[in-house]
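Here's the structure, in structure tokens; my notes come after.
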Amino acid sequence: MEAAVDISTIPAPYGRITVLGGGAWGTALAVVAARAGREVRLWMRDARQAEATARTRHNPRYLRKTALPDGLEAMSDLAAALAGTEAVLLVTPSVTVRDMAARAAPLLPAGVPIFVCAKGIEAETGLLMSQVAEQAAPGRPIGTVTGPTFASETAAGHPTAVTVACTTGPDVPPAQRPAARMALSLTTDTFRPYVSDDLVGVEVGGAVKNVIAIACGILAGAGFGENTRAAIITRGLDEIKELAVRLGGRRETVTGLGGLGDLMLTCSSPQSRNFSYGFQRGQGVAEGAVFDGAPVVVEGRFNAVTVTDLARRLELNMPICEMVREIVADGRPIGEAFAAYWSRPLMAEPRAMDLTFPHPAEDAAARRFGEMMP
Ligand SMILES: NC(=O)C1=CN([C@@H]2O[C@H](COP(=O)(O)OP(=O)(O)OC[C@H]3O[C@@H](n4cnc5c(N)ncnc54)[C@H](O)[C@@H]3O)[C@@H](O)[C@H]2O)C=CC1
Ligand SMILES: O=C(CO)COP(=O)(O)O
């Protein structure tokens, strides 16, 4: 005879979820939540887009092929979108998170959790997105849903796994914590969440991987192959680990979906806007002409600066992120920046072993990469 299931270990799903942001990822998450049986309100800042979405049951700008399931309502009235909601997914670009959380806060009862799905670090403060939301909308659990997730594949029903993490009160039993409740609330036959208690660790992965993906894109665009990509992914993971641990995250979290998983995805596919931006730059496309000048959200371009500002403040060595910053923010020629990165003094792996000595082919690297890269 099978043992009876202890129902106190099964989380209660949220009834109504509000998604703030009707871009690609906001739309995909709203679709997932509706498919999972939630009552979903998808808030868009553009009233015409919201009206067209509600009327045609398709978002006219993003994921146009995806029919919106029943149970999903699109709207541009923020108060109406948040009325009676039990949990919020905040899915606008990282630079808008403080403003969006502050706008939502007075419309949300205390205790309603906000899960921030933007990936980045705030420029002025060096804070992670959950910390920004905590300041702007205090008095509630704050979390994230993150991982290797291209919006179009998620919406198309490709098996997709994410990590959900959230702050919580000390007395709440594990199954009733917001992270577990959100995980259950988003679970479908194709969408599989995992629960983590290391919010810092998973968020650092999401913020830094976009910068590393730009580096991989640049090098692929310049004509280098898989050896180079694997080297940058691996050394990039080391940079994520250093920052995560310094900020209080756990080393093992970095090899989870929000770290290695997302890093591999973003560094390996032209579907990634960050990789694709880097690829075009590596091919010699000028900064202003990438994506034919269209205003595409490339979080790593902006976060190359925020991540390295934070690393410098913490006296952490993040040389790939520094290289990307030199190229995208300081305008240093790619060949020169890469040669300087590549011919740094030789060192140990892992970093804990204290060993460095000069690179004997520094000048040759400068000549080689200077000649062949833009
Ligand atoms: N697209 C994807 O596959 C994934 C994206 N993400 C993250 O989600 C965040 C949003 O990305 P996407 O949805 O892909 O971007 P997107 O470019 O598709 O859409 C951005 C949305 O934010 C809205 N928005 C922009 N500025 C705003 C403001 N000031 N106030 C309110 N709304 C504003 C836009 O109108 C648009 O609806 C980013 O941080 C991204 O890294 C995370 C996982 C997957
Ligand atoms: O975060 C993402 C996948 O997990 C989306 O990556 P891009 O923003 O580079 O397209």
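The values are calculated or read from the model by the stated rules, or taken from the named source; none is laboratory data. If you're wondering where the values come from, they're calculated on a predicted model, not measured in any experiment. As a convention, Cβ positions derive from the backbone with ideal geometry for all residues, glycine included, and neighbour counts pool all protein chains shown. Please note that ligands, DNA and RNA were not included when accessible areas were found on the heavy atoms of the full protein model with its side chains. Shrake-Rupley method; radii C 1.70, N 1.55, O 1.52, S 1.80 Å.
Report, by residue number, each residue of region 17-35 that is within 14 Å of ligand 2 (Cβ to nearest atom) and either modelled with pLDDT under 95 or open to solvent by 10 Å² or more (accessible area, probe 1.4 Å) (or both).
Once the filter is applied, which keeps residues that are within 14 Å of ligand 2 (Cβ to nearest atom) and either modelled with pLDDT under 95 or open to solvent by 10 Å² or more (accessible area, probe 1.4 Å) (or both), region 17-35 yields Gly23, Ala24, Trp25.
If a residue counts only when it is free of Cβ contacts under 8 Å to residues at least 60 places away in the same chain and closer than 26 Å to Gly15 by Cα, which strands (runs of 3 or more DSSP E) contained entirely in region 106-217 have at least 3 such residues? Spell out how you get there, then give the answer.
Working: elements: 114-116, 142-146, 160-166, 191-196.
Counting at least 3 such residues, we get 160-166, 191-196.
Yes/no per residue for (1) away from ligand 1 (no atom under 13 Å from the Cβ); (2) modelled with pLDDT of 95 or more:
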| position | (1), (2) |
| --- | --- |
| Glu153 | no, yes |
| Ala156 | no, yes |
| Ala175 | yes, no |
| Val202 | no, yes |
| Ala222 | yes, yes |
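From Val132, Val116, grab the single residue that is buried (at least 22 other Cβ atoms within 10 Å of the Cβ), more than 16 Å from ligand 2 (Cβ to nearest atom) and either under 24 Å from Asp309 (Cα atoms) or within 16 Å of the chain's Cα centre (by Cα) (or both).
The conditions single out Val132.
Any idea how many residues of region 297-317 are in contact with an Asp or Glu (Cβ under 6 Å, 6 or more places away or on another chain) and of a type in the set (Lys, Arg)?
Within region 297-317, residues that are in contact with an Asp or Glu (Cβ under 6 Å, 6 or more places away or on another chain) and of a type in the set (Lys, Arg) number 0.
For residues that are among the charged types (D, E, K, R) and either within 7 Å of ligand 2 (Cβ to nearest atom) or touching a Lys or Arg at 6+ places or on another chain (Cβ under 6 Å) (or both), tally how many sit in region 252-280. Please lay out each step first, then the result.
Going residue by residue through region 252-280, those that are among the charged types (D, E, K, R) are 252, 262, 273.
Those left that are additionally either within 7 Å of ligand 2 (Cβ to nearest atom) or touching a Lys or Arg at 6+ places or on another chain (Cβ under 6 Å) (or both): 262, 273.
Of the residues in region 252-280, 2 are among the charged types (D, E, K, R) and either within 7 Å of ligand 2 (Cβ to nearest atom) or touching a Lys or Arg at 6+ places or on another chain (Cβ under 6 Å) (or both).
Starting from region 332-354, take each residue that is more than 18 Å from Phe279 (Cα to Cα) and part of a loop (DSSP other than H, G, I, E, B) and list its partners that are modelled with pLDDT under 95 and among the acidic types (Asp, Glu), counting only C-beta distances under 6 angstrom and pairs at least six apart or across chains.
Ser343/Glu362
Mind checking which residues of region 239-289 are closer than 16 Å to Glu153 by Cβ and open to solvent by 30 Å² or more (accessible area, probe 1.4 Å)?
Leu257, Met264, Leu265, Ser268, Pro270, Gln271, Arg273
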